[in-house]
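**Q** To start, I am sharing the structure in question, which I have written as structure tokens.
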Amino acid sequence: MAKHLLTISDLTKAEIEAVFEKTKIFKERQKSGIPHQPLLGKTITLIFEKVSTRTRVSFETAMYQLGGNAIFISQRDSQIGRGEPIKDTARVLSRYVDGIVIRTFGHDIVEEFARYSSVPVINGLTDLHHPCQVLTDVFTIVEKKGGCKGLKVAWIGDGNNMANSWIEAAARMSFDLMLACPDGYLPDKDILERAKKDAKSRIEIVKNPKDAAKDADVLNTDVWASMGQEDEAEKREKAFKGYQINSDLLKLAKKDAVVMHCLPAHRGEEITDDIMEGPNSVVFDQAENRLHVQKVILEKLLT
Ligand code: CP
Ligand code: NVA
């Protein structure tokens, strides 16, 4: 496995499959209350320049359950907020801790951090990628459907960090991905081109959410305005009108389709409340699995 986990493409298909196999074992072990503490004496730090509920708590809990320790610092209470260079911060923290999880804005920031860090760096979300979430989501599909190869996954809405990571995941894991995005809100062009070249499955952008949802095995969405785009919320609300997972859209998908959302969700915008709470929704299993998948990632990168 590569030293750092910054994007889904940092992992091979075989490595992702190995993560999933181990996640199943870790999850069962935890449910039976059997302790497993391979990271005894190890510490990670979480550096978060954006807020978080799931990523922070699942990583901190994962470390404690594995016998280690986690230190959370936000921009506000570290020298990063006062302009200490990334390359200095990375070299200093590397001398204290065994791994670093970063949530920030520009993807170049985690790349620079990783370049100067002598310990593994894990991307906990940037404007461009959200690999830990999408790895977990694909694990959740495998858990629910027995596999992901050949399935049709629909993405409804913004071509954002989540969409970019889904595109990389589709290329790696050979499922079809149809993304319905409005004009002006398409996924990253380079990521899309690279993935299409590598993929054995179909990765396609369409405009109409109905085309994406038709016969889909998975319906997937995310907020219309991501963190850092709060000022654009009003404009985005107009642009994304109709890009919503609701009962009409769900009817077009396969009967046993699962509905996913990385959360937090804005009910009434990208997804309706009845779908969030309905029988097809797997959003809370998805959220739980962050813990199990990340425990495996931490063990693999830190030992
Ligand atoms: N899905 C996700 O990353 O959630 P948080 O922003 O709460 O970490
Ligand atoms: N696209 C969202 C994901 C949140 C987990 C954001 O970046 O805010």
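The values are calculated or read from the model by the stated rules, or taken from the named source; none is laboratory data. On a predicted model such as this, the values are computed, not experimentally measured, just so you know. Ideal geometry is used to build each Cβ from the backbone, glycine not excepted, and the neighbour counts take in all protein chains shown. Note: areas computed on protein heavy atoms with side chains; ligands, DNA, RNA excluded. Shrake-Rupley method; radii C 1.70, N 1.55, O 1.52, S 1.80 Å.
**Q** Answer yes if at least one residue in region 125-138 is away from ligand 2 (no atom under 16 Å from the Cβ), open to solvent by 10 Å² or more (accessible area, probe 1.4 Å) and of a type outside the set (A, V, I, L, M), and no otherwise.
**A** Taking every residue of region 125-138 in turn, none turns out to be away from ligand 2 (no atom under 16 Å from the Cβ), open to solvent by 10 Å² or more (accessible area, probe 1.4 Å) and of a type outside the set (A, V, I, L, M).
**Q** So Ala114 passes all but one of these: (1) within 14 Å of ligand 2 (Cβ to nearest atom); (2) in contact (Cβ under 8 Å) with a residue 40 or more places away in the chain; (3) surrounded by fewer than 24 Cβ atoms within 10 Å (Cβ to Cβ). Which condition number does it fail?
**A** So Ala114 meets the others, but not (1).
**Q** Has region 83-92 got at least one residue that is in contact (Cβ under 8 Å) with a residue 24 or more places away in the chain and touching a Gly at 6+ places or on another chain (Cβ under 6 Å)?
**A** no
**Q** Filter region 50-70 down to the residues that are within 16 Å of ligand 2 (Cβ to nearest atom) and part of a loop (DSSP other than H, G, I, E, B), then identify the one that is nearest to Ile109 (Cα to Cα).
**A** Among those residues, the one meeting the criterion is Lys50.
**Q** How many residues are open to solvent by 40 Å² or more (accessible area, probe 1.4 Å) and either near ligand 1 (Cβ under 9 Å from one of its atoms) or charged (D, E, K, R) (or both) when one looks only at region 50-71?
**A** The number of residues fulfilling the criteria is 5.
**Q** Now, a different point. Can you find a residue in region 21-36 that is in a loop (DSSP other than H, G, I, E, B) and closer than 27 Å to Leu128 by Cα?
**A** No, there is no match, as no residue in region 21-36 is in a loop (DSSP other than H, G, I, E, B) and closer than 27 Å to Leu128 by Cα.
**Q** Pick from Lys145, Lys197: which is more than 15 Å from Leu219 (Cα to Cα), open to solvent by 10 Å² or more (accessible area, probe 1.4 Å) and either among the hydroxyl-bearing types (Ser, Thr, Tyr) or at pLDDT 95 or above (or both)?
**A** Lys197
**Q** Determine whether Asp211 is within 30 Å of Ala114 (Cβ to Cβ) and either open to solvent by 10 Å² or more (accessible area, probe 1.4 Å) or not aliphatic (A, V, I, L, M) (or both).
**A** Criteria not met by Asp211.
**Q** Next question, about the same structure. Can you tell me which of Lys254, Lys210 is at pLDDT 95 or above, away from ligand 2 (no atom under 16 Å from the Cβ) and touching an Asp or Glu at 6+ places or on another chain (Cβ under 6 Å)?
**A** None of the other options fit; the residue is Lys254.
**Q** Among the residues of region 37-49, which ones are outside any strand (DSSP E or B), open to solvent by less than 60 Å² (accessible area, probe 1.4 Å) and either within 16 Å of ligand 1 (Cβ to nearest atom) or without any contact (Cβ under 8 Å) to a residue 60 or more places away in the chain (or both)?
**A** Within region 37-49, Glu49 is the sole residue that qualifies.
**Q** With Val19, Val101 as the choices, which residue is within 16 Å of ligand 2 (Cβ to nearest atom), within 27 Å of Glu143 (Cα to Cα) and either in contact with a Leu (Cβ under 6 Å, 6 or more places away or on another chain) or open to solvent by less than 80 Å² (accessible area, probe 1.4 Å) (or both)?
**A** After applying the criteria, what remains is Val101.
**Q** Filter region 1-26 down to the residues that are of a type in the set (Gly, Ala, Ser) and modelled with pLDDT of 95 or more and list them by number.
**A** Answer for region 1-26, where residues must be of a type in the set (Gly, Ala, Ser) and modelled with pLDDT of 95 or more: Ser9, Ala14, Ala18.
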